[in-house]
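Colleague: Before anything else, here's the structure in question.
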Amino acid sequence: MNSPVVLITGALAGIGRATALAFAKEGARVVVSGRHDDAGAKLVAELRSLGAEAEFVKTDVRIEDDVRNLVDKTVARFGRLDVAVNNAGTEGQPGVVTDTSAEKYAGTFDTNVLGTLLSLKHEMRVMLAQGSGSIVNLSSVLGRVGMPGAAVYVASKHAVEGLTKCAALEGAAAGVRVNAVSPGPVETGMLDRFTGGSEAAKAGFLAAMPAKRASTPEEIAQAILFVASDKSSLINGQSLAIDGGYSVQ
Ligand SMILES: NC(=O)c1ccc[n+]([C@@H]2O[C@H](COP(=O)([O-])OP(=O)(O)OC[C@H]3O[C@@H](n4cnc5c(N)ncnc54)[C@H](OP(=O)(O)O)[C@@H]3O)[C@@H](O)[C@H]2O)c1
C-alpha cells in the first residue's frame, strides 16, 4: 500500500521510536503517541525531516478517553487507519511472586493488558468499518515461557498473546489482521531497568541467550514492518519470535 496511515503507541523511546522512524523512511504517514509533549514534538520534527507526514497525539494507553481520542484524531487528520502498532509497555516492578502486590499487578497490567485491549477496541472500531487494517501487538518471548522473578510481566505478555488471537479471529472475515511480535532482550531502557541498571547483570543475562546479544530496536522495527505489511497478507493471529532462537531451546 502507498503511504499507509500508521499509528504507534509508546512511540517516544525504544522500539516504538525505531518503528516510527522505519515507517517514515518507507513513506508512511505516521501518528506517534506517548505521554510527553516535548519528546512528541521532537519526534514529529525528526519524522518530518525524513519527508514523512507526521503528527503527535498525547496518549496514556491506560485511559480510554485518551485512546479513543488518539484513534479519532488519526482518522480526522488522515481519513483512515491502515496499521496500528500497540507498543506501549512497562516492565513494572519485577520481583518474586511472594513479594508482589495488587498495586504492582495493576502497575503492569493496566498498561500492558488494559492498554492493549483499549487500543485494539478503538483501532478495530475503525478498521472493521473500513474493511481493512493490520495491527501488531508487542508481546515478548516471555509471553510463551516463564521466568522466575518476573511473574507479573510474564503473565501480562501471556495475556497479550491471548488478546492477539481473539482479536485476529474477530477481524479475519472483515479483512483486519492482528498479530504480535515477541522479542527476546532488546537494547532499550527497559532492558537496562529489567537487569537492575547493572552492566554485569545485563552481560550475564545476555550470555545465556543463544545469540549472546540483545537485538537492536531497529531489528524489531523491521519485523514489525513486515508483519504489518501486505507482504504478510494471510498471516493472522500469530506471534513472531525475534529472539535469536531463545524460545526454541
Ligand atoms: N526491551 C526489551 O527487552 C523487550 C523485550 C520484549 C518485549 N518488549 C516490549 O516492547 C515494548 C516496547 O518496549 P521498549 O523495550 O521499547 O521499552 P522502553 O524503551 O521503556 O519504551 C516503552 C515506551 O512505552 C511508553 N509507555 C509506558 N507506559 C505507557 C502508558 N501507560 N501510556 C503510553 N505510553 C507508555 C514509555 O513512555 P514513558 O516514558 O511515558 O513511560 C516508552 O516510550 C513493550 O511493550 C515491551 O514490553 C521489550
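Colleague: In what order, largest first, do 170, 46, 53, 91 sit by accessible area if the probe radius is 1.4 Å?
Modeller: Sorted by accessible area, descending: 170, 53, 46, 91.
Colleague: Right, something else. Along the range 236-242, what does the Karplus equation 6.51 cos²θ - 1.76 cosθ + 1.60 (θ = phi - 60°) give for ³J(HN,Hα), rounded to whole Hz, x for Gly and Pro?
Modeller: Whole-Hz 3J(HN,Hα) from phi for the range 236-242: 8, x, 9, 10, 8, 6, 10.
Colleague: Could you estimate the translational diffusion coefficient of the range 105-161 from the Stokes-Einstein equation, with Rh from the Kirkwood formula over C-alpha pairs, at 4 °C and 1.567 mPa s, in whole µm²/s?
Modeller: 106
Colleague: Considering only the other residues whose Cβ falls under 15 Å of the Cβ of residue 19, what net charge follows from Lys and Arg at +1 and Asp and Glu at -1?
Modeller: Summing Lys/Arg as +1 and Asp/Glu as -1 gives -3.
Colleague: Cα axis of helix 115-130 to longest principal axis of the chain: angle in degrees, 0 to 90, nearest 10?
Modeller: 30
Colleague: I would also like to ask the following. Carbon and sulfur: what percent of the range 116-249's accessible surface (1.4 Å probe)?
Modeller: Here it works out to 62 percent.
Colleague: Same structure again: Past 27 Å, Cα to Cα, is the threshold; run 121/212; 25/58; 42/231; 42/73 against it and keep the listed order.
Modeller: Over 27 Å apart, Cα to Cα: 121/212; 42/231.
Colleague: Here is a further query. Treating cross-link reach as a plain straight distance, find the aspartates and glutamates whose alpha-carbon is under 17 Å from the alpha-carbon of residue 202, omitting any fewer than eight places away in the same chain.
Modeller: In chain and number order, the partners are 91, 187, 192, 243.
Colleague: Could you sort 246, 153 by their accessible area in this structure, using a 1.4 Å probe and putting the largest first?
Modeller: Solvent-accessible surface, decreasing: 246, 153.
Colleague: How many Å² of accessible area per residue for the range 78-122, probe 1.4 Å?
Modeller: Spelled out: the 1.4 Å probe surface of the range 78-122, per residue, equals 44 Å².
Colleague: Next question. What does the accessible area per residue of the range 127-248 come to in Å², with a 1.4 Å probe and no ligands, DNA or RNA counted?
Modeller: About 44 Å² of surface per residue is accessible.
Colleague: Report Rg(Cα)/(2.2 N^0.38 Å) for the chain, keeping two decimals.
Modeller: For the chain, the normalised Cα radius of gyration is 0.96.
Colleague: Now a separate question. Along the range 136-153, what does the Karplus equation 6.51 cos²θ - 1.76 cosθ + 1.60 (θ = phi - 60°) give for ³J(HN,Hα), rounded to whole Hz, x for Gly and Pro?
Modeller: Values, residue by residue: 10, 8, 8, 9, 6, 4, 6, x, 10, 10, x, 8, x, x, 9, 4, 5, 4 Hz.
The values are calculated or read from the model by the stated rules, or taken from the named source; none is laboratory data. Remember, predicted model here, so these are calculated numbers, not experimental data. Glycine gets a Cβ as well: all are built from the backbone with ideal geometry, and neighbour counts include every protein chain shown. Quick note on the areas: whole protein, heavy atoms, side chains included, nothing else; ligands and nucleic acids left out. Shrake-Rupley method; radii C 1.70, N 1.55, O 1.52, S 1.80 Å.
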